[in-house]
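The values are calculated or read from the model by the stated rules, or taken from the named source; none is laboratory data. Just so we're clear, the structure is a prediction, and the values are computed from it rather than from any experiment. Here Cβ is always computed from backbone atoms with ideal geometry, including for glycine, and neighbour counts include all displayed protein chains. To get the accessible areas, we keep the full protein, side chains included, count just its heavy atoms, and leave off ligands, DNA and RNA. Shrake-Rupley method; radii C 1.70, N 1.55, O 1.52, S 1.80 Å.
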Amino acid sequence: MSITTEAELIGMKKASEAVAFALKEMRNYAQPGMSTKEIDNYGAQILNDFGAKSAPYVTYGFPGYTCISVNNEFCHGIPSDKRILNEGDLINIDVSAELEGFWSDNGASFVIGEDINQHQKLIEASKEILHKAIHNIKGGVRISDIGFLMETEAKKRGYKVIKNLTGHGVGRSLHEEPHEIANYRDRFNLTRFKKNSVVAIETFIATTSTYAETLQDGWTMVGNKGGFMAQHEHTIVVTEGKPIILTEMNGIWN
């Protein structure tokens with residue numbers, strides 16, 4: 001989507017506020033002993049209060065309102081009453097929604113309770129890389145150059161990137177052009193970021209794997225070589241200078 005009017009920017013800001021607030025509140029709410037379904041229901045209520053509809057539920061018939069992945073699950077984890085969170089678990093929540101015809105997307109990985117399993121270093125790397133990537137995006141920049149930056153920063157810290165998970169355009173639907181904003185330099189991708197376009201930029205920073213594989217449930221993805229992954233995501237508007245970070249209020253950098 002390209003922002004062409006003030007009304008479109010306002011619409012995107014409203015949808016982004018809904019997903020950002022839901023993500024922030026779900027992070028604050030999640031505690032050891034809770035099920036991932038309890039957290040999902042809590043997030044669903046927040047989206048509902050905004051008048052927003054769950055994007056994965058509406059678009060794909062996903063069996064949940066948000067994606068909640070735990071430990072070795074990388075993404076698209078199905079919320080479950082049986083999945084109980086423990087102290088030190090690495091959890092990822094991805095919240096995307098539609099509000100009045102506008103769609104926005106954001107996500108964050110964090111630790112439940114105390115960091116007894118030493119996941120925080122991976123999480124901080126993911127946050128820092130997202131921050132650096134976003135602040136290097138402006139109209140005319142090659143998408144592959146941002147991918148190169150992300151992979152280089154990951155390698156510097158001793159991590160890998162997942163090559164078959166990418167950021168994407170967003171705005172009038174959940175996934176739009178550009179469809180593949182990869183975390184590595186894809187030399188076949190010659191496209192550039194366009195001024196006024198809306199994109200969801202996300203990191204996929206991993207300890208040992210380079211590809212994500214889908215489990216038998218048809219949704220949950222794990223690493224081809226196991227290990228852990230951290231993901232952080234903001235929806236932004238590309239400008240000639242500093243991007244507008246629409247989901248900033250989720251507080252993932254605080």
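Some notes on this structure:
- Spacing of the two label points (7 Å from each Cα toward its C-beta) at Asn224 and Asn48, in nm: 4.1 nm
- Each of Ala52, Ile236, Asn86 was scored by the projection of its Cα onto the charge dipole of the chain, and the greatest displacement toward the positive side belongs to Ile236; charges sit on the C-beta of Lys, Arg, Asp and Glu.
- Rounded to the nearest 20 debye, the dipole magnitude of the chain is 880 debye, with +1 charges on Lys and Arg beta carbons, -1 on Asp and Glu beta carbons, and the Cα centre as origin.
- Based on Cα contacts under 8 Å between residues 6+ apart, region 1-106 shows a relative contact order of 35 percent.
- Dimensions (Å) - region 180-254, Cα atoms, principal axes, largest first: 41, 35, 23
- Based on Cα contacts under 8 Å between residues 6+ apart, region 161-202 shows a relative contact order of 47 percent.
- Taken about its Cα centre, region 7-71 carries a charge dipole of about 60 debye when Lys and Arg each add +1 at the Cβ and Asp and Glu each add -1 at the Cβ.
- Packing rank of 23-30, 225-232, where each peptide gets the mean count of other beta carbons within 10 Å, highest leading: 225-232, 23-30
- Here the ratio of the Cα radius of gyration of region 55-115 to 2.2 N^0.38 Å is 1.21.
- When the Cα gyration tensor is reduced to axis lengths a ≥ b ≥ c, the ratio a/c is 1.5 or higher for the chain, and with a/b not above b/c it is classed as oblate.
- Under the combined filter of DSSP loop state and at most 13 neighbouring Cβ atoms within 10 Å, region 130-198 retains these chymotrypsin sites (Phe, Trp or Tyr not before Pro): Phe188.
- Ligands, DNA and RNA are left out, and with a 1.4 angstrom probe the accessible area of the chain is 44 Å² per residue.
- Cα centroid separation, region 19-74 to region 191-254: 17 Å.
- All C-alpha pair distances within region 1-64, sorted into 10 Å bins from zero, spread as 20, 44, 27, 8, 1 percent across the bins.
- For the chain, the share of accessible area belonging to carbon and sulfur comes to 49 percent (1.4 Å probe, ligands and nucleic acids excluded).
- If you wrap the tightest convex hull around every Cα atom of region 135-226 and split its volume per residue, you get 99 Å³.
- Of every Cα-Cα pair in region 97-188, the percent that sits beyond 22 Å: 37 percent
- Sorted peptide list for 161-170, 208-217, 102-111, 74-83, criterion being average Cβ within 10 angstrom, highest first: 102-111, 161-170, 74-83, 208-217
- Neighbourhood net charge (14 Å Cβ-Cβ; Lys/Arg +1, Asp/Glu -1) for Gly61: 0
- Proximal lysines to Lys37, defined as alpha-carbon separation beneath 19 angstrom and excluding residues fewer than eight positions away on the same chain: Lys24, Lys53, Lys82
- Helix content alone sets the calculated 222 nm mean residue ellipticity of the chain: runs of n ≥ 4 DSSP H residues at -39500 (n - 2.57) each, divided across all residues, give -9500 deg cm²/dmol.
- Distance between the 7 Å Cα→Cβ label points at His175 and Asn41: 3.0 nm.
- Length-normalised contact order of region 127-254 in % [C-alpha pairs under 8 Å, at least 6 apart]: 28 percent
- Dipole moment magnitude, nearest 20 debye, region 104-190 about Cα centre, only Lys, Arg, Asp, Glu C-beta charged: 360 debye
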